[in-house]
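Since the structure comes first, as structure tokens, the remarks are kept for the end.
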Amino acid sequence: MPTKKIPELKNLTNEPKIAYFTMEIGLQEGIPTYSGGLGILAGDATKSAADLGIPFIAVTMLNRKGYFKQELTKTGRQIEHPVKWNPKKYLKPLPFTTEVHIHGRRVLVKPWLYTIQGAAGAKAHVLFLDTDLKENILKDRKISYFLYGGDSKYRLKQEIVLGVGGVRILKSLGVDVKKYHMNEGHAAFLTLELLRMNNFNLEKTRKACVFTTHTPVAAGHDQFDYELTEEQMEPLVAPVLLRKLCGKERLNMTKLAFSMSNYVNGVAKQHKQVSEKMFPGYEIHAITNGVHSYTWTHPAFRKIYDKYISGWANEPELFIRAPIIPNEEIWASRDKAKKDLLDYVNRLTGVGMKKDVLTIGFARRATAYKRHNFIFSDLPRLKEISKRYPLQIIFAGKAHPRDENGKKIIQEVFKNIQKLKRDIKIVYLPNYDIEMAKKLTSGCDVWLNNPERPMEASGTSGMKAAHNGVLNFSVLDGWWLEGFVEAVTGWSIGPGPDEKIKPAEAIKRELEDLYTKLEYTILPMYYERRDDWMEMMENSISKVAYYFNTHRMMRRYVLYAYL
Ligand SMILES: *Cc1c(COP(=O)(O)O)cnc(C)c1O
């Protein structure tokens, strides 16, 4: 093997690794291999692993055509375009291949390597699996093209390449794996390949596997017909055992991951409870998500953090001393971040947003439960509020190509923008991605989050906002249940999870909070009590960013799941 000629390989094989399998990963601008929160989390986890010196290698798909580029017509209709990107610009092809079997054919899989140099000099790696090789027939070459593209057969093939191909490529590279961590159920086939390698020793295999579940609804879990899996997959384990591990009727990837993992966790404390109800009989832990502090902090804030709390990026606990930063300097950084955002918005849309106007941000996947149009529930009331205090709102978010309802939601926002155009400046920016997320989560004043409870497993964009002193205004769901102290770290919307009230009543309460707090608490404080506002910005940094970061998250994974 030509291993000596590739210096990176030494680093890959020098000590046992955590192998983190993920269908998507969001690392930086220019690498469009993610769709949203799940991928960004994977990228942030890998960056923190590098910073902390955790021996870590992520395994994902190359996704040559990305997720998709979103174009929005004048009426807000979403048009999807493939993304062109050049893997050679960011990744290094490795001269190794492995093979998997799909529909009786041998499919060759090749890895590309991405290396992250951490803050203290350690390295973490990402392997991107590629099937676009001349040895494969066209159908198989396309397996590594589109993230979440195609039908369930296409998805199944991708999951075979990720799970089975991933384990095999690690083996052929000589990577010694200490734990296999599945970021969501997509990668669960890795457990079948491991079982085979371990002579069907269930206990031994389980001890090597960790599973993080992300979805709080049963419909969100990948399932395949056994007819299809038996047609497409090589028989890694006997059919009887397969059904025992994955479910009687259909092959449920989440069930497989549960059956085969020694440690399973949800992504926030409440999500653990919701998951335990969905999967009775399994012990589920909670490790609340975070974000990579350095990545999501605007350069103007990095500068003042460097000056006053030096070392913060690799030790976010230092945020606890954020109150020593003089108010004027926090405000100046916030001015810079806000100017960057509004210049960008005005350049893109010509809408003419103003820096002295309170700016609300709302950016997330356009899908029903996120309720993009919630703030438009009572237009006369919103208009009334804006007459007393000016405000402007920035939206963004893609709908999944097959989520027709999600696409309608974007069109609905466009209609509401039209209805309010004389009163409030509102825009919907196309093609939400990492670059735009950085601008939005650092340049707004208030970050609005109003999902239907308890659908938000964790959510992370509000944590990004907190790193830049942007105040969260959110429904009591996901991570915010652990982060909110009313009128100290931000504001809550509606009832908490312990109040047993009917859904219709909950919505009423949520709307009441949304409008009333906006009109009587948030807007007056912003315009009339600057010092109080500044204090809350400081709290957002010293109490929210302090905790909700992937450095804290990864340390917990090491302690509870990896060791
Ligand atoms: C952070 C982020 C998300 C996830 O945001 P949520 O609040 O969890 O919905 C999605 N997309 C992009 C581009 C992001 O940066």
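Dividing the convex hull volume of the alpha-carbon atoms in the range 451-497 by its residue count gives 64 Å³ per residue. Over the C-alpha trace of the range 213-344, radius of gyration and Dmax come out as 23.4, 67 angstrom.
Annotation for the range 405-483: trypsin sites (Lys or Arg not before Pro) lying in DSSP loop with at most 12 further Cβ atoms inside 10 Å of their Cβ are Lys421, Arg422.
Run the dipole for the range 299-547 about the Cα centre, Lys and Arg Cβ at +1, Asp and Glu Cβ at -1, nothing else charged, and hand back the magnitude in debye, nearest 20. Write down the numbers at each step before the final one.
Numbers: 40 positive and 35 negative charges, 227 e Å.
It works out to roughly 1100 debye.
Taking a sphere under 9 Å around the Cβ of Lys110 and counting the other residues whose Cβ falls inside, with K and R at +1 and D and E at -1, yields a net charge of -2.
So what is the orientation-averaged projected area of the range 2-290, using the convex hull of its C-alpha atoms, in nm²?
Values: hull surface 64.5 nm².
Value for the range 2-290: 16.1 nm².
Short-range pairs are left out: with C-alpha atoms under 8 Å and at least six residues apart, the relative contact order of the chain is 14 percent.
Under 13 Å from the Cβ of Phe548, count the other residues' Cβ atoms, weight Lys and Arg +1, Asp and Glu -1, and hand me the total. Combined, the nearby Lys, Arg, Asp and Glu give +2. From the Kirkwood radius over Cα pairs of the range 7-137, Stokes-Einstein at 25 °C and 0.890 mPa s returns a whole-number translational diffusion coefficient of 153 µm²/s. Sparsely packed loop sites in the range 251-316 (the chymotrypsin sites (Phe, Trp or Tyr not before Pro) outside DSSP H, G, I, E and B with at most 15 other Cβ atoms within 10 Å) comprise Tyr282. Surface analysis of the chain yields an accessible area of 40 Å² per residue, using protein heavy atoms and a 1.4 Å probe.
In the range 407-513, how does Rg compare with the Kirkwood Rh, expressed as the Rg/Rh ratio over alpha carbon atoms?
That ratio is 0.98, to two decimals.
Place a +1 charge on the Cβ of each Lys and Arg in the range 2-290 and a -1 charge on the Cβ of each Asp and Glu, then give the dipole magnitude about the Cα centre in debye, rounded to the nearest 20.
Numbers: 41 positive and 28 negative charges, 114 e Å.
The calculation lands at about 540 debye.
Normalised by 2.2 N^0.38 Å, where N counts its residues, the alpha-carbon radius of gyration of the chain equals 0.97. Under 5 Å from the amide H of Leu429 lie the amide H atoms of Phe395, Ala396, each residue being 5 or more positions distant or on a separate chain, with H modelled from the backbone and absent for Pro and chain starts.
Compute the signed sum of charges (Lys and Arg +1, Asp and Glu -1) over the other residues within less than 9 Å, Cβ to Cβ, of Phe301. Intermediate values should be presented prior to the final figure.
Numbers: positive: Arg302, Lys303, Arg334, Lys336; negative: none.
Its environment carries a net charge of +4.
Over the range 480-563, the reciprocal of the mean inverse Cα-Cα separation, the Kirkwood hydrodynamic radius, stands at 15.1 Å.
Tell me the GluC sites (Glu not before Pro) within the range 5-106 that lie in a loop according to DSSP and have at most 10 other beta-carbon atoms within 10 Å. Please list the in-between numbers first.
Working: sites: Glu8, Glu24, Glu29, Glu71, Glu80, Glu99; in loops: Glu24, Glu29.
Loop-located and lightly packed - none at all.
Pairs of Cα atoms in the range 299-547 fall into 10 Å distance bins, from 0 up to the last occupied one, in shares of 7, 32, 39, 19, 3, 0 percent.
Under DSSP H, which helices of the chain have Cα atoms covering 18 Å or more of the helix axis and a Kyte-Doolittle average no less than -1.0?
Values: long enough: 37-52 (22 Å, 0.59); 327-349 (32 Å, -1.10); 404-419 (23 Å, -1.03); 503-517 (21 Å, -0.95).
Those that clear 18 Å and a mean of -1.0 are 37-52, 503-517.
The values are calculated or read from the model by the stated rules, or taken from the named source; none is laboratory data. Here the structure is a predicted model, which means the values were calculated and not measured. Cβ sites come from the backbone with ideal geometry, for glycine too, and all protein chains shown count toward neighbours. The area values use the complete protein model at the heavy-atom level, side chains included, leaving out ligands, DNA and RNA. Shrake-Rupley method; radii C 1.70, N 1.55, O 1.52, S 1.80 Å.
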